[in-house]
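Structure, as C-alpha cells:
The values are calculated or read from the model by the stated rules, or taken from the named source; none is laboratory data. All of these numbers come straight from a predicted model, not from anything done at the bench. Here the Cβ is made from the backbone with ideal geometry for all residues, glycine too, and neighbour counts use every protein chain on show.
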Amino acid sequence: MSVEFFLTAFLQGLGYGCLALGVYLSLRIFNIPDITTDGSFTLGGAVTALFLTMHFNPVTVMFISIAAGMLAGTATGLIITRLKIQPLLAGILTMTALYSVNLAVMGRSNIPLIDTPDIFKLIPFTNSLNSNLIVLLMVVFLIVMLLFYLLRTDFGIAMRATGNSEQMVRAMGVNTNRMKVTGLALANGLTALSGYLITQYQGFADINMGLGIVISGLGSVMIGEALLKRWIKTSIIYSLIAVIAGSIAFRLIIAVALSIGLNPNYLRLVTAAIVLLIVGLSTAKKRNNQ
Amino acid sequence: MISLQHITVTFNAGSASALCALKDVSMTLKETEFTVIIGSNGSGKSTLLNTIAGTVHPEIGSIIIADNDVTSREDYLRSVYISRIFQNPLTGTAPELSILDNFRLAALRTKSKGLKIGTTKIFEEVVKEKVSFLKLGLENNIYKPMGSLSGGQRQALTLVMGIMDDCKIMLLDEPTAALDPRSAALVMEKAEEIISVNHLTALMVTHNLKDAIKYGSRLIMMQEGKIEKDISSPSKNNLSIETITNWFN
C-alpha cells in the first residue's frame with residue numbers, strides 16, 4: 001500500500017466529513033435520526049453537475065448546492081413538526097421524493113464533469129493531488145470552525161438543549177419546532193456540501209451516489225465517538241474533530257478492505273457490518289456497565 | 001396576576017375514553033401570593049398547572065396573565081412571564097450541557113437567543129455568585145455537565161435558574177416528589193426563600209401535606225376537576241394534617 005493509497009482515503013474522508021458533521025448535527029445534537037441524507041447528498045451532487053456543466057463559478061455553485069440541501073432538510077423538518085410524522089418516515093418520504101427531483105435536475109442518471117470548472121482548479125500552482133488536499137482541508141477547517149462558533153453561541157446552546165431536554169427548552173422560551181427545522185436544514189446543507197465536494201473529486205454525479213450514504217455518516221460519527229473514548233458533549237471542538245477523524249478512519253477501513261481483495265459487490269454488506277459491529281459493541285459495553 | 005375564567009379541559013374529547021380533567025374552574029391568583037394545590041391523583045391539579053403553563057389548552061374558558069389574554073398562546077411564548085419547576089429534575093435541565101450553558105439559556109428565558117457568544121467571563125462570575133446562594137459548593141463546578149449532579153442539586157439549581165431572567169410567576173409541579181427527604185427539605189427551603197425575596201407569584205402542586213401546611217399563604221384542594229376547598233391565611237395557619245387528611249376521605 002502506497003502513500004497515495006492512504007492519501008486518497010484521507011481525501012475521501014475529508015470530502016465525506018461534512019456529511020458526517022451533518023449526521024452528527026441531526027442525530028447527536030438534535031436527537032433526530034434523519035435519513036433525508038441519502039437524497040440531499042445526491043441533490044448536492046446533481047445541482048453541482050448541472051451548474052458546473054453550465055460553467056458557473058464553482059464557489060457560486062457551492063452556495064447553490066448548500067441551499068438546495070437546506071431546502072430538502074426544511075421539507076423533512078416541516079413534515080416532522082407540522083404533520084407530527086415520525087422522523088424516520090419523514091426522512092424516507094423526502095428521500096424518495098428527492099430521487100425524482102434529482103433525476104429531473106440532472107436530466108439523466110449520470111453526468112460526467114469533463115472540461116468544466118471545479119473548486120480544485122481554483123488553486124493554480126500545484127498538481128491535482130496537492131490542490132485536492134489543500135481545498136478539502138480548507139473547506140473542512142472552515143466548516144468545523146463555523147460549527148464550533150455556532151454551537152457556543154446563545155442560539156447554539158438552545159440548539160444543543162433542544163435535542164437534550166425539549167420540555168426545558170420550551171420553558172426557556174424556545175420554539176422547538178422552528179429549532180428542529182433549522183437544525184435539519186443545517187444538517188442537510190452540510191450533506192449537500194459533501195455531495196458538491198465528492199462530485200468534483202470523483203469527476204461525475206450519479207443518481208445512485210447517495211444510496212446508503214447515511215450509514216457511512218452514522219459509522220463515521222460512531223467511530224469518532226469510539227476514538228474519543230471519554231465522550232463529553234460539553235467539549236464541542238473535540239467532538240467535531242472526532243467526527244472528521246471518524247470519517248477518515250471509515251474511508252481507510254473501506255480502502256483497506258478493498259485492497260485485500262474484497263469483492264466491491266459486497267461493499268455495502270461490509271459497511272453495514274462495520275456499523276453494526278460498532279453499535280453492538282457500544283450497547284454491549286453499556287450493558288456491562290450496568 | 002393570574003386569572004382563570006370558566007376553564008374546562010377534556011382529554012380525548014369526542015372519543016369513548018374522553019376524560020374531563022377540569023370542570024368550569026375559575027380562580028384568581030393575586031400578586032406575590034404563594035398558593036399550594038393538593039388533591040388525589042386525577043383530581044386535575046397538574047392539569048390546572050399545565051393549563052397556566054400552556055402545555056394544555058382548554059376547550060372553554062380563558063386565561064389572563066398580567067392583564068394579557070394568553071389563552072391561545074403556546075407554552076414557549078408564556079415563558080415571558082413564567083418560570084417552571086418540573087417534578088422530574090431531569091426535565092428542568094439539559095443533562096448533557098454544562099451548568100454554565102444551562103444558566104445561559106435560563107438567563108435568556110424572556111429574550112431571543114442570538115448568534116453571539118454569551119457565556120463570557122462576566123457572565124460566568126454572575127452564575128458563580130447566583131449558584132453560591134445555594135451553599136452546595138457548585139460554584140466551582142460550573143463547567144460540569146448538569147447530568148453529573150444529583151437530583152437534589154439539579155432541582156436546587158433549577159430554582160436559581162428560574163430567577164436568572166426577569167420573573168413574576170413560578171409554577172412548581174411536585175418539585176420534591178423525586179427527591180430524598182434531605183434534598184426535598186433543602187429544595188423547599190430554597191424555593192420559599194427565592195419566592196419571598198423576589199416577590200414571586202407562586203403556584204405549587206404537592207402530595208406532601210406537611211409542605212402544604214408549612215408553605216404558602218393559600219391552600220387549594222382539587223377534587224374531580226373542581227376546586228373543593230380554598231383557604232387563605234390567616235385561616236390556613238390553623239390547619240392541621242388531620243383536618244386535611246379528613247378532606248381526602
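Could you identify the single residue in A:ILE236, A:ILE253, A:ILE274, A:ILE248 that is surrounded by 18 or more Cβ atoms within 10 Å (Cβ to Cβ), at pLDDT 90 or above and among the aliphatic types (A, V, I, L, M)? Give the derivation first.
Working: A:ILE236 fails: at pLDDT 90 or above; A:ILE253 fails: surrounded by 18 or more Cβ atoms within 10 Å (Cβ to Cβ); A:ILE274 fails: at pLDDT 90 or above.
Just one listed residue meets the conditions, A:ILE248.
Can you pull out the residues in the range A:176-204 that are among the small types (Gly, Ala, Ser) and closer than 20 Å to A:LEU129 by Cα? Give the steps one after another, and end with the answer.
Filtering the range A:176-204 down to residues among the small types (Gly, Ala, Ser) leaves A:183, A:185, A:187, A:189, A:192, A:194-195, A:203.
Result: A:SER194, A:GLY195, A:GLY203.
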Of all residues being assigned to a loop (DSSP other than H, G, I, E, B) and at the interface with chain B (Cβ under 7 Å from one of its Cβ atoms) in the range A:163-178, which is nearest to the chain's Cα centre (by Cα)? Just the residue, please.
A:ASN164
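For A:MET209, indicate whether it is surrounded by 18 or more Cβ atoms within 10 Å (Cβ to Cβ), modelled with pLDDT of 95 or more and not in a helix (DSSP H, G or I).
On the way: surrounded by 18 or more Cβ atoms within 10 Å (Cβ to Cβ): yes; modelled with pLDDT of 95 or more: yes; not in a helix (DSSP H, G or I): yes.
Judged against the criteria, A:MET209 is a match.
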All but one of (1) more than 24 Å from A:PHE148 (Cβ to Cβ); (2) crowded, with 23+ Cβ neighbours inside 10 Å hold for B:ASN102, so report the exception by its number.
(1)
What single numbered condition from (1) of a type in the set (D, E, K, R); (2) under 30 Å from B:GLY118 (Cα atoms); (3) free of Cβ contacts under 8 Å to residues at least 12 places away in the same chain fails to hold for B:LYS190?
(3)
Output for the range B:68-112, where each listed residue is more than 7 Å from chain A (Cβ to nearest Cβ) and not in a loop (DSSP other than H, G, I, E, B)
B:ASN68, B:ASP69, B:LEU77, B:ARG78, B:ILE82, B:SER83, B:ILE85, B:ILE99, B:LEU100, B:ASN102, B:PHE103, B:ALA107
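Does B:VAL36 qualify as being touching a helix residue (DSSP H, G or I) at 6+ places or on another chain (Cβ under 9 Å), assigned to a loop (DSSP other than H, G, I, E, B) and within 24 Å of B:ALA212 (Cβ to Cβ)?
No: the conditions fail for B:VAL36.
If you check B:SER46 against the conditions, is it more than 7 Å from chain A (Cβ to nearest Cβ) and either crowded, with 23+ Cβ neighbours inside 10 Å or touching a His at 6+ places or on another chain (Cβ under 9 Å) (or both)?
Working: more than 7 Å from chain A (Cβ to nearest Cβ): yes; either crowded, with 23+ Cβ neighbours inside 10 Å or touching a His at 6+ places or on another chain (Cβ under 9 Å) (or both): no.
When the stated conditions are applied, B:SER46 does not pass them.
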Matching residues in the range A:125-167 - criterion: being modelled with pLDDT of 90 or more and polar (S, T, N, Q)
A:ASN132, A:THR153, A:THR162, A:ASN164, A:SER165, A:GLN167
Count of the range B:200-217 residues which are at pLDDT below 95 and not hydroxyl-bearing (Ser, Thr, Tyr)
9
Taking interchain pairs and intrachain pairs at least six residues apart, which have beta carbon atoms under 8 angstrom, with the first residue in the range B:229-249 and part of a loop (DSSP other than H, G, I, E, B) and the second at pLDDT 85 or above and not basic (Lys, Arg)?
B:SER233/B:SER217; B:LEU239/B:ILE213; B:LEU239/B:LEU219; B:LEU239/B:ILE231; B:SER240/B:ILE213
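Do you know which residues across the range B:35-57 are more than 16 Å from B:MET221 (Cβ to Cβ) and of a type outside the set (S, T, N, Q)?
We begin by selecting, within the range B:35-57, every residue more than 16 Å from B:MET221 (Cβ to Cβ); these are B:50-57.
Matches in the range B:35-57: B:ILE52, B:ALA53, B:GLY54, B:VAL56, B:HIS57.
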With the first residue restricted to the range A:73-88 and required to be touching a residue at least 12 places away in the same chain (Cβ under 8 Å), and the second required to be acidic (Asp, Glu) and crowded, with 18+ Cβ neighbours inside 10 Å, Cβ contacts under 7 Å at 6 or more apart or on different chains are A:THR76/A:ASP34; A:PRO87/A:ASP34
B:GLY152: crowded, with 20+ Cβ neighbours inside 10 Å, modelled with pLDDT under 95 and either in a loop (DSSP other than H, G, I, E, B) or more than 10 Å from chain A (Cβ to nearest Cβ) (or both), yes or no?
yes
Say whether the condition of being hydroxyl-bearing (Ser, Thr, Tyr), within 14 Å of chain B (Cβ to nearest Cβ) and buried (at least 17 other Cβ atoms within 10 Å of the Cβ) is met by at least one residue in the range A:111-127.
no
Test: residue in the range A:228-241 that is outside any loop (DSSP other than H, G, I, E, B) and touching a strand residue (DSSP E or B) at 6+ places or on another chain (Cβ under 8 Å)
no
Members of the range B:40-54 that are assigned to a loop (DSSP other than H, G, I, E, B) and under 15 Å from B:ILE169 (Cβ atoms)
B:GLY54
For the structure I just gave you, tell me whether B:THR176 is loosely packed, with under 14 Cβ neighbours inside 10 Å and either in contact (Cβ under 8 Å) with a residue 24 or more places away in the chain or at positive phi (or both).
no
Quick one: B:VAL70 ticks every box in (1) under 21 Å from A:SER165 (Cβ atoms); (2) touching a residue at least 12 places away in the same chain (Cβ under 8 Å) except a single one, so which number is it?
(1)
